[in-house]
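The values are calculated or read from the model by the stated rules, or taken from the named source; none is laboratory data. It should be emphasised that the depicted structure is a prediction, and the values quoted were computed from it without experimental measurement. Note that each Cβ is placed from the backbone with ideal geometry, even for glycine, and that neighbours are counted across all protein chains shown. All accessible areas refer to the heavy atoms of the entire protein, side chains included, with ligands and DNA or RNA removed. Shrake-Rupley method; radii C 1.70, N 1.55, O 1.52, S 1.80 Å.
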Amino acid sequence: LPSIIFLQVYLAVLSQQCDDNSAYLQSHVKVKSDPCETAINSGSCNGTTCAACDPTPDGADIPSIGSRFPSGYLSCTGAGACQLAPAAASKFYDFKTSDDYLTCSGANACDRFQLNNVGAACYNGQDAGREGKFNLASSTCTNDVCCNGLEVCAYTHLTNVNTLSCRGKLACKDMKAELTGSLYCNSSSEVGAVGACSNDQASFMFSGNTEHCVECYGKETCKASSQFIFQGNEKVKMTCGMPTVDSAGTCAEARIGLHQDTCLHLVCEDNTCTDLTVMNYTSGSTCYCEGTGCANINMATGPTNLKCLEVPNGNANPCGASICSKSAACCDDEVSPSCGSCGCNSPPPAPVVRSEDATAASRTSAAVANVAGDPHITTLDGKHYTLLRQGSFLMWAFSGYETTVPSATHGMKKVPMDFEIFTHYSGSTSFTKAILLLDKSNGLKTPRQALELTSLDCIWRAKTPSWRDVGTEFLQLRDADGDSLGAFNVSKSLGNHQNVQLLMKTENGYRKIANVFVRCQPGSHMAAKVKMLSPKTDLDFVRGEVAPDGQRFPGHSLGSASKLGLGVSFVAQDTEFSTSSEWTALGGSEDAATYLKEVDTQGPGTFLKQCSNEEQQEAEKICNKHWAKPLPEVEDASASHAIFLADCVYDICAGAGEVAAQLTAEIMRID
């Protein structure tokens, strides 16, 4: 008893003593700080600063200071960046505004991370975004999500997504996603070509009473997916496999559930759709199927099974002609997805910086060059002229830049890069008939890799080591040591669209030097665009027809060239970029060389032809039909229209026909 009395007295005294320090005790016991707060507020996290985050309290707004992340997004870069502490595994962060987006790059970046109110999200790297929960919210952003890498976004739960893109081996495996737009599953990437959007726990639920495009490309893509569920009144086109890619097992054992009044158009290539089942949960839904793979669909009768009908004759798009006519997710990229293209509002301007900092901050911007029509050439600094010659020309080259690459035998080694693009203009109207991409990096005289396309059939062909057709493929560029120096990343969408990314290897991975876009009409000609998104200093290493004025060759300016009477273009001969070498000597194929000899004009040609007033007015009508809106990279719509119209009328007067207007408009409109 005395001991109990003593304890009561002691506690009473202790409590009185603590009263004077109550504020101190509350601040150190009751409140716990988030170890990631400072890095998150800066908008830049890595595997050290944001490795064991703890939202305090659950649902904590980020950034905790200010209304936006400084750059308009939260960047989680490096292995293990942006992971929750084990004790915080059930907690969420809330973006303070859904005008901000999330980007996660690196192995296990954003693994088991949980966020609400996100504008858009991009994941790149093995297991990035794995087992995370991310709830998107309507905003100025297009609410798209892009996942690229080995098992990236596996077991992840996404809600309120517009369009989802999954690229890479087992990307989006066993994912649960709620979408209002489209789904693109493509196993093609540098990390493998099997099983994107697959496994029996995967579930993709679509709603919105609208159109949905679902594309499953690559071996075992969308295989055994538990459900593709369409909530009702949806119009759907789902394509399983493509002819140029190994599609074995694509959509095999997948289950598609249709709710009231949904129209499904299935396209099943060979070796696809095996045991795929279509289930009709309510009345009024219809399924159509086209392709040789339709015979593989599970047509077993059952209380919910729906039999797919043949596509009616004369109706190639039974559920709607516009389905799948829109572009892919705003962030989609075969190498490194970027949410910067998703239309999110930029944050308020940063404080004024010192002049030297301002110079550094402006080193990155897009530079764009076009070759279209007869050909009309726009250089990377915006000069515009018309070439009046037939033959092969160096259109663009990137050479002299020294990169550092990982080497299996030398640790790190320095390699001088050398990419070249040649074009061939044929006939008296000298339209573009062929394009040749070469890699001569590390001082090679003979190209290490050659990639070629002609207007005979508009199919990419690569020399690896013999010439073969290429569809969608990641072509590694390796030296004699077996070390990767870069890649030609080839993609081909439907129609006449062919694109290639020229990638340079660095000690930090691949860096995109240029995008090459080609629009080609078989049996006619092509148009091409080169877009450089690299630092402005990269332009110092560019030469060729589209190089910035002053780098083309010493002492020459396009502004001094003679002006063409029929429009706004200057004319040039480009003698300095012409080559007398045979197409095969440059690195092209015998077949292409034979084709170019057939379409070349023998002897002198007439390069200028005048139209009558009536013919010119008719040409203007044709050209304006293909001009629907201002060009994305040109602020002055009237000036861009004037350039297009003058070039287009000139081409039609030269006998090119409406295809010249179509291809030129398409290539100029690429953003």
Identify all residues within segment 485-500 that are at pLDDT below 90 and either closer than 27 Å to LYS326 by Cα or surrounded by fewer than 17 Cβ atoms within 10 Å (Cβ to Cβ) (or both); write none if there are none. ASN489, VAL490, SER491, LYS492, SER493, LEU494, GLY495, ASN496, HIS497, GLN498, ASN499
Filter segment 175-200 down to the residues that are modelled with pLDDT of 85 or more, over 28 Å from TYR510 (Cβ atoms) and outside any strand (DSSP E or B) and list them by number. THR180, GLY181
Scan LYS440, LYS433 and give me the residue that is more than 22 Å from the chain's Cα centre (by Cα), open to solvent by less than 50 Å² (accessible area, probe 1.4 Å) and farther than 25 Å from ALA408 by Cβ. LYS433
Report those strands (runs of 3 or more DSSP E) wholly inside segment 64-148 carrying at least 2 residues which are of a type in the set (S, T, N, Q) and in contact with an Asp or Glu (Cβ under 9 Å, 6 or more places away or on another chain). 114-118
Hey, among ALA52, ALA39, ALA107, which residue is without any contact (Cβ under 8 Å) to a residue 12 or more places away in the chain and either touching a strand residue (DSSP E or B) at 6+ places or on another chain (Cβ under 7 Å) or open to solvent by 40 Å² or more (accessible area, probe 1.4 Å) (or both)? ALA39
TYR425 touching a Gly at 6+ places or on another chain (Cβ under 8 Å), crowded, with 21+ Cβ neighbours inside 10 Å, touching a residue at least 40 places away in the same chain (Cβ under 8 Å) and under 30 Å from ARG669 (Cβ atoms): yes
So LEU258, is it more than 27 Å from CYS458 (Cα to Cα), touching a strand residue (DSSP E or B) at 6+ places or on another chain (Cβ under 6 Å), open to solvent by 70 Å² or more (accessible area, probe 1.4 Å) and of a type in the set (A, V, I, L, M, F, W, C): no
Cβ contacts < 6 Å: first residue of a type in the set (Asp, Glu), restricted to segment 387-409; second residue modelled with pLDDT under 95 and open to solvent by 30 Å² or more (accessible area, probe 1.4 Å), any location; separation 6+ or different chain. Result? GLU402/LYS414; GLU402/PRO416
Answer yes or no as to whether ALA252 is in contact with a helix residue (DSSP H, G or I) (Cβ under 9 Å, 6 or more places away or on another chain) and either closer than 17 Å to MET279 by Cα or not in a loop (DSSP other than H, G, I, E, B) (or both). yes
Anything in segment 263-293 that is of a type in the set (A, V, I, L, M, F, W, C), surrounded by fewer than 22 Cβ atoms within 10 Å (Cβ to Cβ) and not in a strand (DSSP E or B)? List them, or say none. none
Pick from segment 474-484 the residues that are open to solvent by less than 50 Å² (accessible area, probe 1.4 Å) and under 17 Å from ASN515 (Cα atoms): which of them is farthest from the chain's Cα centre (by Cα)? LEU477
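Determine whether LYS219 is surrounded by 24 or more Cβ atoms within 10 Å (Cβ to Cβ), charged (D, E, K, R) and under 27 Å from the mean Cα position of the chain (by Cα).
Criteria not met by LYS219.
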Answer with yes or no whether GLY232 is assigned to a loop (DSSP other than H, G, I, E, B) and open to solvent by less than 10 Å² (accessible area, probe 1.4 Å). yes
Go through segment 394-410 residue by residue and tally those that are among the hydrophobic types (A, V, I, L, M, F, W, C) and in contact with a helix residue (DSSP H, G or I) (Cβ under 8 Å, 6 or more places away or on another chain). 3
State whether the residues of segment 152-173 include one that is open to solvent by 50 Å² or more (accessible area, probe 1.4 Å), under 30 Å from ARG68 (Cβ atoms), in a loop (DSSP other than H, G, I, E, B) and of a type outside the set (S, T, N, Q). no
Considering only residues of segment 235-255 that are more than 18 Å from CYS289 (Cβ to Cβ) and not β-branched (Val, Ile, Thr), which is least open to solvent (accessible area, probe 1.4 Å)? ALA248
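Which one of these is closer than 18 Å to PRO55 by Cα and either in contact (Cβ under 8 Å) with a residue 24 or more places away in the chain or open to solvent by less than 10 Å² (accessible area, probe 1.4 Å) (or both): ASN135, ASN148?
Checking each option against the conditions leaves just ASN135.
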Of those in segment 624-666 that are modelled with pLDDT under 80 and in contact with a strand residue (DSSP E or B) (Cβ under 8 Å, 6 or more places away or on another chain), the residue most open to solvent (accessible area, probe 1.4 Å) is GLU633
Can you tell me which of (1) under 26 Å from ASP332 (Cβ atoms); (2) open to solvent by 50 Å² or more (accessible area, probe 1.4 Å); (3) modelled with pLDDT under 90 is the one ILE5 doesn't meet? (1)
Considering only segment 377-386, state which residues are open to solvent by 10 Å² or more (accessible area, probe 1.4 Å), in contact (Cβ under 8 Å) with a residue 40 or more places away in the chain and not β-branched (Val, Ile, Thr). LEU380, ASP381, LYS383, HIS384
Could you check how many residues of segment 294-309 are open to solvent by 50 Å² or more (accessible area, probe 1.4 Å), not polar (S, T, N, Q) and not in a loop (DSSP other than H, G, I, E, B)? 2
Filtered residues of segment 445-463 (kept if out of contact with any helix residue (DSSP H, G or I) (no Cβ under 6 Å at 6 or more places or on another chain) and open to solvent by 50 Å² or more (accessible area, probe 1.4 Å)): LYS445, THR446, ARG448, ILE459, ARG461, LYS463
